């Protein structure tokens, strides 16, 4: 449903008839999903909106990391994730994800489960009002559940989307959270309550994506693009690739648990430039971007 | 010296005056190197030839992997590595590397050291005679030292340059070897002899690069390029990026030990396309490539 509403809105804002290509798929070890892909619509060079609901076996290294148990464990994972790469460097790339994971200890039968998610923005040319708007909407969504959420999850996001070898963040952040509801509980009622709370919060975060992103698209869609601005975007996209393949836990989790490769790597930008030479910003908005990714700032 | 001779030959074959940009650099924790970079010469969209000689500290996880010792260990590493991305999809991308690594157990004072290296070819459109020639030269270089080397190192190469999530190899291989001379020895004379032998072999492999690659460049440089062939090359380059960032041990070693990012990531192709849709080969030579990377073959 979340997937559907987002797809519908993205088709509508592009204002043309370019349809999403919907591909249902099955997971090798159980379950499956529905991949939505748009390529070369008026606004979006590529947009992927995926739903998945799969079962499988966690490799030992992941069981160890997630539950400190040194054996392969059966898991159930479901979620919606999207990545949008617009044509225009004036419109930021964005990523959103909400997920639920359940891992069963096959010996004791104990099930551990939690929610995670996040929404973040990767501009190429920095329009400050976009950052303010984006973070403002995310803070509102957080605050309606718990006022400690936004500050915690904003910091978590800056820390998560960080490229150590570049000493920079992927973009201007947003929120990121994980392991919500993972704490041990004494009885089933407590577990249910906890998951219920965090589940509703996670769903609300998913719903906040459109109001956080669409006004930015509307505001910047008609700004003319220079060749230098486009070049800058293609080079900066290289850093997006570096982050996703070197560090992104979701990507590595998906590839290691036999997920659908095409859906997992849908996050990679459609056209990318790599060069060992420094990336030169085309103007002061590009320079501002290079500064803010070196030192994450407050957007409130 | 090896670096110099390769750079000179690459400039000469391009037949224009485009110089290499030579950048000397220092390593954060000791030593340094010299990076050679060419961009947009007549033949090469990008070529990087790097020399490095650095000292540093191996993170615990790497000490554990390399020496089964659970603590950070001081190391010394030196080598030459190159990656060439030609403009034309009729000329293969190639990679070559020779290296020497020395790790010291800071408690016992014992030094473990070894040689490694390899040369491999990544065509976009498969010209079988190129594969035959390339592997033939590498086999000759191996055979002049040990007739068991080529078969062992050819298989090692196919296994190393493999993308599990794609179930395909990066290209049509070549040779790959590591840990040569790492076995324990009883006395200094044995250690010296071993390193001497393997060192000479490794150097010979480095020298075999030009005769293995240049004739392929000469043979294919004048074949006209269609738009579909170029598109195919850009998409296939995406798999090159996937391998290098997800699996390549050299890349991850470099980034984790604080190496020079620009030199390490010089291997990434200058322009790349990613798409979740299948990559469609432009002709039967593209189809042949897609087949051979699914099932490595003999080239002798």
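Roughly how crowded by other chains is peptide A:251-261, in terms of the mean Cβ count from those chains within 10 Å of each of its Cβ atoms? Before the final figure, lay out each step's value.
Working: counts 1, 1, 0, 1, 6, 2, 0, 2, 1, 1, 6.
Partner-chain Cβ atoms within 10 Å, mean over residues of A:251-261: 2.
Sorted from largest down, what three extents in whole angstroms do the Cα atoms of segment B:156-200 have along their principal axes?
For segment B:156-200, the Cα extents along the three principal axes come out at 46, 19, 7 Å.
Largest first, please: the extent of the C-alpha atoms of segment A:46-134 along each principal axis, to the nearest Å.
Sorted from largest, the Cα extents of segment A:46-134 read 53, 22, 19 Å.
Compute the separation of the alpha-carbon centres of segment A:1-56 and segment A:218-259 and state it in Å as a whole number.
After rounding, the separation between the Cα centres reads 18 Å.
Regarding the protein assembly as shown, what are the three Cα extents along the principal axes, ordered largest first, in Å?
The Cα atoms of the protein assembly as shown stretch 72, 56, 43 Å along the principal axes, largest first.
Measuring from label point to label point, each 7 Å out along Cα→Cβ, what is the residue B:78 to residue B:222 span in nm?
4.3
For chain B, with a Gaussian network of springs between Cα atoms less than 10 Å apart, report the residue from B:92, B:278, B:270 with the top mean-square fluctuation.
B:278
I need the calculated FRET efficiency for the pair residue B:189 and residue A:23, taking r as the beta carbon distance and R₀ as 60 Å, to the nearest 0.05.
Numbers: r = 64 Å, r/R0 = 1.07.
Using R0 = 60 Å, I get an efficiency of 0.40.
Taking only DSSP H segments of four or more residues, each worth -39500 (n - 2.57), what value at 222 nm results for the protein assembly as shown once the sum is divided by all its residues, to the nearest 500 deg cm²/dmol? Mind showing how you got there, number by number?
Numbers: 20 runs with 244 residues, N = 600.
The helix contribution divided over the protein assembly as shown gives -12500 deg cm²/dmol.
Cα-Cα pairs above 29 Å in chain A: how many percent? Mind dumping the intermediate values first?
Values: 15531 of 44850 pairs.
Roughly 35 percent, rounded to a whole number.
What are the nm distances, shortest first, from residue A:277 to its equivalents in the other copies, labels at 7 Å along Cα→Cβ?
Result, one decimal in nm: 3.3.
Report the residue, chosen from A:175, A:279, A:91, that carries the largest GNM mean-square fluctuation when chain A is represented by alpha-carbon nodes joined by springs under 10 Å.
With Cα springs under 10 Å in chain A, the top fluctuation among A:175, A:279, A:91 is at A:279.
Taking the label point 7 Å from Cα in the Cβ direction, how far apart in nm is residue B:31 from each other copy of itself, listed shortest first?
4.5
With Rg and the Kirkwood Rh both taken from Cα atoms, where does Rg over Rh land for segment B:1-51? The partial results should precede the final answer.
Values: Rg = 11.9 Å, Rh = 11.5 Å.
The Rg/Rh ratio comes out at 1.04.
Using a simple spin-label model with points 7 Å from Cα along the Cα→Cβ vector, what separation in nm is obtained for residue B:295 and residue A:291?
In this crude spin-label approximation the distance works out to 6.0 nm.
What is the ratio of the Cα radius of gyration of segment B:190-300 to 2.2 N^0.38 Å, with N the residue count, to two decimals?
Details: Rg = 18.4 Å, N = 111, 2.2 N^0.38 = 13.2 Å.
Expressed relative to 2.2 N^0.38 Å, the Cα Rg reads 1.39.
Tell me, how many Å apart are the Cα centres for segment A:149-207 and for segment B:143-184?
Rounded to whole Å, the Cα centres lie 43 Å apart.
Report the residue of chain A with the smallest Cβ-to-axis distance, using the rotation axis that brings A onto B, in whole Å.
Value returned for chain A: A:245, 2.
So, R0 is 22 Å and r is the distance between the beta-carbons of residue B:179 and residue B:60; what FRET efficiency does that work out to, to 0.05?
Values: r = 20 Å, r/R0 = 0.89.
Once rounded, the FRET efficiency stands at 0.65.
For segment B:122-208, restrict the atom set to alpha-carbon positions and state the Rg and Dmax in Å.
Final numbers for Rg and Dmax: 15.3, 51 Å.
Hey, what D do you get for segment B:190-252 in µm²/s if you plug the Kirkwood alpha-carbon radius into Stokes-Einstein at 20 °C and 1.002 mPa s? Before the final figure, lay out each step's value.
On the way: Rh = 15.5 Å.
The calculation lands on 138 µm²/s.
Order of B:27, A:136 from fewest to most other C-beta atoms within 10 Å?
Details: B:27 18, A:136 14.
With the sparsest Cβ surroundings first, the list reads A:136, B:27.
Just round it to a whole percent: the fraction of Cα-Cα distances in segment A:64-182 exceeding 21 Å. Each step should come with its number before you reach the end.
Details: 3381 of 7021 pairs.
Tail of the P(r) past 21 Å holds 48 percent of the pairs.
Just the number, please: Stokes-Einstein D of segment B:123-275 in µm²/s, Kirkwood Rh from C-alpha pairs, 4 °C, 1.567 mPa s.
In µm²/s, the coefficient is 73.
For segment B:1-102, just the Cα set please: Rg and Dmax, both in angstrom.
In Å, with Rg to one decimal and Dmax whole: 16.6, 52.
Which angle from 0 to 90°, rounded to the nearest 10, does the C-alpha axis of helix A:227-246 make with the longest principal axis of chain A?
For helix A:227-246, the angle is close to 20 degrees.
Computed from the coordinates by the stated procedures, all read-outs in this text should not be read as laboratory data. Computed from a prediction, not measured in an experiment: that's the story for all the values here. Positions of Cβ are generated from backbone atoms using ideal geometry, with glycine treated the same way; all protein chains shown enter the neighbour counts.
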